[in-house]
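Novice: Sharing a structure here in structure tokens format.
The values are calculated or read from the model by the stated rules, or taken from the named source; none is laboratory data. All values reported here derive from a predicted model rather than from experimental measurement. Note that each Cβ is placed from the backbone with ideal geometry, even for glycine, and that neighbours are counted across all protein chains shown. Side chains are part of the model used for accessible areas, which takes the heavy atoms of the whole protein and leaves out ligands, DNA and RNA. Shrake-Rupley method; radii C 1.70, N 1.55, O 1.52, S 1.80 Å.
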Amino acid sequence: GAGVSQSPSNKVTEKGKDVELRCDPISGHTALYWYRQSLGQGLEFLIYFQGNSAPDKSGLPSDRFSAERTGGSVSTLTIQRTQQEDSAVYLCASSFSGTSWEETQYFGPGTRLLVL
Amino acid sequence: SQQGEEDPQALSIQEGENATMNCSYKTSINNLQWYRQNSGRGLVHLILIRSNEREKHSGRLRVTLDTSKKSSSLLITASRAADTASYFCATVRVMDSNYQLIWGAGTKLIIKP
């Protein structure tokens, strides 16, 4: 596609419910990244995919968070039993290979999650 | 954990003035990148400076890098209302043959018309 797309753009859920966030990267991009951005804060790295595998899951805050990527394209980030502290904007980015130190990451518009 | 730290946290200037934002980091880097985030929109890559470079220009943007002080600055000359955004620096962390960006908390820039 022309750019990275994410859905939904906004999600309001009740505490304890599960949510799925979707990211559709730029076509042909091998690397995909998930970040979380709390209000007024910088980006917090969550997980990184190289193709369908995730060599770095170190940023996932707890075992309630999981992510998968299929077909080397679309990725879903799942948060189980959501808590109020999960409220944030979840950003997805993709890059061509993820193996170059000078590679630009292209970001989607984000999903704004509010847990009531 | 965040490595880059931007200052100031917020900056408000008149249109036409120059805006300078700074970023400091803790460990050695391969490169440092600056991104812009407009309200309600995603992050956009602005400029990358390599660790062996000291200064780089792109249009109205000028980035400097001082590896001895582990700091970088982003200068926007002749600011415009459209420059109102949050600006983030990101440093590269290399893990095996892959890399990830480590982000600062950002500087919120407001350009007053």
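Novice: Step by step: first the residues of segment B:79-95, then only those that are more than 15 Å from the chain's Cα centre (by Cα) and more than 14 Å from B:Leu109 (Cβ to Cβ), then the one that is surrounded by the most Cβ atoms within 10 Å (Cβ to Cβ). Which residue is that? Even if it seems obvious, please write down each step before you answer.
Specialist: Applying the first criterion (more than 15 Å from the chain's Cα centre (by Cα)) to segment B:79-95 yields B:79-82, B:93-95.
Those still in the list that are more than 14 Å from B:Leu109 (Cβ to Cβ) too: B:93-95.
Working: B:Arg93: 17, B:Val94: 12, B:Met95: 11.
So the residue we want is B:Arg93.
Novice: I would also like to ask the following. Say whether the condition of being open to solvent by 30 Å² or more (accessible area, probe 1.4 Å), in contact with a Phe, Trp or Tyr (Cβ under 9 Å, 6 or more places away or on another chain) and among the acidic types (Asp, Glu) is met by at least one residue in segment A:97-115.
Specialist: Within segment A:97-115, not a single residue is open to solvent by 30 Å² or more (accessible area, probe 1.4 Å), in contact with a Phe, Trp or Tyr (Cβ under 9 Å, 6 or more places away or on another chain) and among the acidic types (Asp, Glu).
Novice: Scan segment A:62-99 residue by residue and report those that are closer than 19 Å to A:Asp18 by Cβ and either free of Cβ contacts under 8 Å to residues at least 24 places away in the same chain or charged (D, E, K, R) (or both).
Specialist: Within segment A:62-99, A:Ser62, A:Asp63, A:Arg64, A:Phe65, A:Ser66, A:Glu68, A:Arg69, A:Thr70, A:Arg81, A:Glu85, A:Asp86 qualify.
Novice: Here are A:Arg81, A:Arg112: which of them is basic (Lys, Arg) and within 18 Å of A:Gln37 (Cβ to Cβ)? Working first, answer last.
Specialist: Details: A:Arg81 fails: within 18 Å of A:Gln37 (Cβ to Cβ).
That would be A:Arg112, the only listed residue that is basic (Lys, Arg) and within 18 Å of A:Gln37 (Cβ to Cβ).
Novice: Residues that are of a type in the set (Ser, Thr, Tyr), at least 2 per element: which strands (runs of 3 or more DSSP E) completely within segment B:24-113 meet that? Before the answer, list the steps.
Specialist: Details: elements: B:31-37, B:43-50, B:55-58, B:61-66, B:71-76, B:85-95, B:98-103, B:107-112.
Ranges flagged: B:71-76, B:85-95.
Novice: Pick from segment B:55-78 the residues that are over 14 Å from the mean Cα position of the chain (by Cα) and loosely packed, with under 14 Cβ neighbours inside 10 Å: which of them is nearest to the other protein chains (Cβ to nearest Cβ)?
Specialist: Of everything passing the filter in segment B:55-78, B:Gly59 is nearest to the other protein chains (Cβ to nearest Cβ).
Novice: Taking the residues in segment B:16-52 that are out of contact with any strand residue (DSSP E or B) (no Cβ under 7 Å at 6 or more places or on another chain) and over 13 Å from B:Ala90 (Cα atoms) as candidates, determine which candidate is nearest to the other protein chains (Cβ to nearest Cβ).
Specialist: If we filter segment B:16-52 for residues that are out of contact with any strand residue (DSSP E or B) (no Cβ under 7 Å at 6 or more places or on another chain), which is where we start, we get B:16-17, B:26-28, B:39-41, B:52.
With the extra rule that they be over 13 Å from B:Ala90 (Cα atoms), the set shrinks to B:16-17, B:39-41, B:52.
Values: B:Gly16: 27, B:Glu17: 24, B:Ser39: 11, B:Gly40: 8, B:Arg41: 6, B:Asn52: 12 Å.
Top of the filtered list is B:Arg41.
Novice: Among the strands (runs of 3 or more DSSP E) lying completely within segment A:43-116, list those that include at least 3 residues that are within 9 Å of chain B (Cβ to nearest Cβ) and at pLDDT below 90. Give the derivation first.
Specialist: Working: elements: A:43-50, A:53-56, A:65-69, A:75-79, A:88-95, A:111-115.
Of the strands (runs of 3 or more DSSP E) lying wholly inside segment A:43-116, those with at least 3 residues that are within 9 Å of chain B (Cβ to nearest Cβ) and at pLDDT below 90 span A:43-50.
Novice: OK, next. How many residues, within segment A:20-38, are open to solvent by less than 40 Å² (accessible area, probe 1.4 Å), closer than 19 Å to B:Arg36 by Cα and not hydrophobic (A, V, I, L, M, F, W, C)?
Specialist: Pass one, segment A:20-38, residues open to solvent by less than 40 Å² (accessible area, probe 1.4 Å): A:21, A:23, A:25-26, A:29, A:31-37.
Right, trim to closer than 19 Å to B:Arg36 by Cα and you get A:33-37.
Checking which are not hydrophobic (A, V, I, L, M, F, W, C) leaves us with A:33, A:35-37.
The number of residues fulfilling the criteria is 4.
Novice: Checking A:Lys17 against (1) over 24 Å from B:Ser86 (Cβ atoms); (2) within 13 Å of the chain's Cα centre (by Cα); (3) modelled with pLDDT of 95 or more; (4) surrounded by fewer than 16 Cβ atoms within 10 Å (Cβ to Cβ), only one condition comes out false. Which one?
Specialist: With (1) over 24 Å from B:Ser86 (Cβ atoms); (2) within 13 Å of the chain's Cα centre (by Cα); (3) modelled with pLDDT of 95 or more; (4) surrounded by fewer than 16 Cβ atoms within 10 Å (Cβ to Cβ) applied to A:Lys17, the lone miss is (2).
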